[in-house]
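The values are calculated or read from the model by the stated rules, or taken from the named source; none is laboratory data. Bear in mind the structure is a predicted one, so any value in this text is a computation, not a measurement. Reconstructed Cβ throughout: ideal geometry from the backbone, glycine too, with neighbour counts over all protein chains shown. Accessible surface is based on the protein model in full, side chains and every heavy atom, while ligands, DNA and RNA are left aside. Shrake-Rupley method; radii C 1.70, N 1.55, O 1.52, S 1.80 Å.
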Amino acid sequence: MNASENCFETPELADAARWRQEARRLQTLVDAGDVSALEPSARLYEDGRGVERDWRRAFELRRRGAEAGDANAQTGLARAFRFGLGVAPDVRAAFDWGVRALEQGAFDERPAALGLVGEILFDGEGVVERDRERAFSFFWEARTGDDAAALEGLAVCYRDGVGVPQDVEAERAWLERAFEAALRKAELGSAVDASFVAFAFRDGRGVEPNPEQAFAWSLRAAEAGLGVALYDVGFAFETGLGVERDERRAFEFYRRAADVENPDALCSLGLASLYGRSFSQPVDASVQQAATAVPLEIPVDRDEALRLFERAAATGFSPAFYFLAIFAWNGWGRDANVDEALRLLRRSAAGGFATAQTELAYQLRQIGGDANEREAARWLFEAAERGDAQARLTLGRETADGSFDDRRAQDCVRWLRSEAEAGSAEAAFLASRCVAVGRGTPRDSVEELRLLEQAASGGFPEAQNELGLRCSQGCEGVERDDRRAFELFGAAAIGGDAAATANLAYCCERGEGVEPNAVCGEYLLRVAAELGEGSAAVELSDRLLEGRGCERNRRFAIFWLEAAAAAGEIEATRRLALRYWEGDGVPLDRRRALAAWTVAAQAGDEDALEELSRARLGLQVAFLFCSKIRDDATQAKTAN
């Protein structure tokens, strides 16, 4: 019988004695030079079945088998590099060994190789070009096996519509199969599968969420020494997820995870060193403990933080490159180097780290240029697809302003709806703007008002101001309600919305929804102008010029007119242009007047366009007249 046959079947090998017997049998075959026995023997050392758990020994057995060309051992070696089993995690090495195994055709552990390689292909992870369609083909081929990663990958494909139509029921079914497959192996001692089970219980993937069970399975895998599980237990202790909160124990598990080069833990400790961190005692510590225990302090140490991030980056962990980019950008621990920072950001972004993708897009837009703008858009869309809220809101604002074609606008509106459902008031407001005009979605006044109400009730100032305007005017599906309008303007003004502050001022002056109060109204109007509301600044300028409700003051009137123009108020820009042209209250400045008229005309102000045309015509007439005088003088001088 081939050494790999039936070695993982459980019924006949359930008791410890039978596992010890199997371990001795495999060792005999290994000693005799049977390459096919290396991976089965390594798996026993990995899981601690029939022998003491020894991941380093398992790694050496797999390395021997892999180098001898055994596909099962190559798959095992890929798993070792993937999860840090007896060696530091290395995504690139994991991918390469997985591909080498798959090149050999059929073998027992092919589903596991397909799942591992497909998982990396699905996100790219900074080591390979992202290829979700190819990943799907690997998951699909592995569907008859019991590899949890491959089965979960197939579920994700059904969720996202990759290679197959979106199907929620199919997604659920494949997640359940993945959970059951992982649970069977976890109960046999597989730390990797125990960690998978923990994630499933934590996130409700294929099973009902259960934080306590998630912690228990993470602890089981952590006790075996699995780096990702050590980190997860630390995170649970830090957040109190499934266990009583204990920051000191959290730090202990983070440190143990970092000792086996877990990149999440390395980055967590790196951030603690970068900014300084105190790991306190448990909140329910006894009086005696509280009196004697001193919180664990991690001082600010950028050099140590840099070393930790570099160790994490050596494993191929994409977020680590993002943190290294911050160091390069700020010149911490090295000379500031923008090109190096961008290179590191691109490496992190290519690995699928959405935060880096959004930050890279921002920096590229700051640099400017068509090529950078195209690259920035690509990263923003990928970050949004990965669920990054900031990228989704950025693209949502641009969609609401009409920046994208219909296909891209549809994606952006879908993301806005998703963020709105998750509780983002700004996303609800932006979605309402898109629905109002039918951008990326059918126009629907009822849905638009629902989203606007959601955004306003969620505290987004622009939505509160917009809804307040509708209440004050009784329009667009909203009944007139001065009292509600006043309350909405007030809430938006407290949130810092300048336009709402101006509207609140008018409510006070007119007594709409509140007792009239001219003093309060004037004060709020000035606040609105100071916040940059152009219409409020124009109103103040008019009042000061006319002496309406105050003493005339030409100097301050011009000041507020200039402030309104600087805020982009087109009417103010046009009025200011006329004053500079005539020297009315300001120094005569025809060049500045023409520039202001041009700005207003380009913004669509027809009066400004007409005034600009007259001014240019006047200049042309003046130029021709001066030229005629000059020519007459020259002729007279020649004649004499």
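Starting from the Cα of residue 542, step 7 Å toward the Cβ, then list every residue of the range 571-585 with an amide N under 19 Å from that point.
571-579
Can you give me the solvent accessible area of residue 367 with a 1.4 Å probe, rounded to the nearest 10 Å²?
100 Å²
Which percent of the accessible heavy-atom area of the chain goes to carbon and sulfur, probe 1.4 angstrom?
50 percent
Using 13 Å as the cut-off for backbone N distance, which residues of the range 394-434 belong to the label zone defined by a point 7 Å from the Cα of residue 476 along Cα→Cβ?
429-434
For residue 400, what charge total do you get from the other residues with a beta carbon under 10 Å from its beta carbon, if Lys and Arg give +1 and Asp and Glu give -1?
Around residue 400, the charge tally is +1.
What ranking of 162, 599 comes out by heavy-atom accessible area, probe 1.4 Å, highest first?
599, 162
Between exposed trypsin sites (Lys or Arg not before Pro) in the chain, where DSSP calls loop and at most 16 other Cβ atoms lie within 10 Å, what's the longest gap?
In short, 1-244.
Give me the mean projected area, in nm² to one decimal, of the convex hull enclosing the Cα positions of the range 351-449.
On the way: hull surface 24.4 nm².
That works out to 6.1 nm², a quarter of the Cα hull's surface.
Rounded to the nearest 10 degrees, what's the angle between the helix 498-510 long axis and the longest principal axis of the chain, both from Cα atoms, 0 to 90?
50 degrees
Can you give me the accessible area per residue for the range 415-497, using a 1.4 Å probe, in Å²?
I get 47 Å² per residue for this part.
For the range 512-566, with equal point scatterers placed on the C-alpha atoms only and solvent neglected, what are the log10 I(q)/I(0) values from the Debye formula at q = 0.18, 0.31 1/Å, to two decimals?
Rounded to two decimals, the profile gives -0.56, -1.20.
Shape of the range 96-155 from its Cα gyration tensor (a ≥ b ≥ c, root eigenvalues): rounded if a/c is under 1.5, otherwise prolate when a/b > b/c, or oblate?
The shape class here is oblate.
If you count only protein heavy atoms and use a 1.4 Å probe, how large is the accessible surface of residue 388, to the nearest 10 Å²?
Rounded to the nearest 10, the figure is 30 Å².
Over the range 353-493, what is the relative contact order in whole percent, taking alpha-carbon pairs under 8 Å and six or more residues apart?
That works out to 14 percent.
Which of the GluC sites (Glu not before Pro) across the range 429-497 are loop residues per DSSP, with 15 or fewer other Cβ within 10 Å?
Values: sites: 447, 448, 453, 462, 466, 476, 479, 487; in loops: 476, 479.
Loop-located and lightly packed - 476, 479.
Rounded, prolate or oblate for the range 425-503? Axes are the square roots of the Cα gyration tensor eigenvalues, ordered a ≥ b ≥ c, and the cut-off for rounded is a/c under 1.5.
Working: a/c = 2.32, a/b = 1.45, b/c = 1.60.
Here the range 425-503 falls in the oblate category.
Return the FRET efficiency for the residue pair residue 582, residue 616: r is the Cβ-Cβ distance, R0 is 22 Å, and the value is rounded to the nearest 0.05.
After rounding, the FRET efficiency stands at 0.90.
Given an 8 Å cut-off on Cα distances and at least 6 residues of separation, report the relative contact order of the chain as a percent.
Working: 1118 pairs, mean separation 28.7, N = 640.
Taking the mean separation of contacting Cα pairs over the length of the chain, I get 4 percent.
Can you pull the percent of Cα pairs in the range 410-551 with separation above 20 Å? Mind dumping the intermediate values first?
Details: 5041 of 10011 pairs.
Summing the P(r) tail past 20 Å for the range 410-551 gives 50 percent.
Once phi is turned into θ = phi - 60°, what whole-Hz ³J(HN,Hα) does the Karplus curve with 6.51, -1.76 and 1.60 give for every residue of the range 526-539, x standing for Gly and Pro?
5, 4, 4, 5, 5, 7, x, 7, x, 5, 5, 5, 5, 4
Based on the alpha-carbon gyration tensor of the range 443-489 and its eigenvalue square roots a ≥ b ≥ c, which shape applies: rounded if a/c is under 1.5, prolate if not and a/b is larger than b/c, or oblate?
oblate
Considering the values (1) 261; (2) 188; (3) 310, which represents volume of the Cα convex hull per residue in Å³ as calculated for the structure under consideration?
Matching entry in (1) 261; (2) 188; (3) 310: (1).
Rounding to the nearest 10 and keeping the result within 0 to 90°, find how far the Cα-based axis of helix 482-494 lies from the longest principal axis of the chain.
Long axis of 482-494 versus the principal axis of the chain: about 70 degrees.
Going through the range 460-567, which chymotrypsin sites (Phe, Trp or Tyr not before Pro) have at most 14 other Cβ atoms within 10 Å and a DSSP loop state? Please report the intermediate quantities before stating the final value.
Details: sites: 486, 489, 506, 523, 556, 559, 560; in loops: none.
Within the range 460-567, no chymotrypsin sites (Phe, Trp or Tyr not before Pro) qualify (loop, at most 14 other Cβ atoms within 10 Å).
What's the angle, to the nearest 10 degrees (0 to 90), between helix 168-187's Cα axis and the longest principal axis of the chain?
Tilt of helix 168-187: around 40 degrees.
Would you calculate, for the chain, the mean residue ellipticity at 222 nm contributed by helices, counting each DSSP H stretch of 4 or more residues as -39,500 (n - 2.57) and dividing by all residues, to the nearest 500?
-22500 deg cm²/dmol
Give, in nm to one decimal, the length gained when the segment between residue 133 and residue 28 is fully stretched (0.36 nm per residue of separation minus the Cα-Cα distance).
Using 0.36 nm per residue and subtracting the Cα-Cα distance, I get 33.4 nm.
In whole percent, what relative contact order does the range 525-608 give with Cα contacts below 8 Å and a gap of six or more residues? Each step should come with its number before you reach the end.
Details: 128 pairs, mean separation 17.4, N = 84.
The value is 21 percent.
With label points built 7 Å along Cα→Cβ from the Cα atoms of residue 457 and residue 634, find their separation and express it in nm.
That separation, rounded to one decimal, is 7.8 nm.
Provide the gained length on full extension for the span residue 275 to residue 244, in nm with one decimal, where the gain is 0.36 nm per separating residue minus the Cα-Cα distance.
In short, 8.6 nm is gained.
Before I look further, what does the range 185-238 give for accessible area per residue, probe 1.4 Å, in whole square angstrom?
36 Å²
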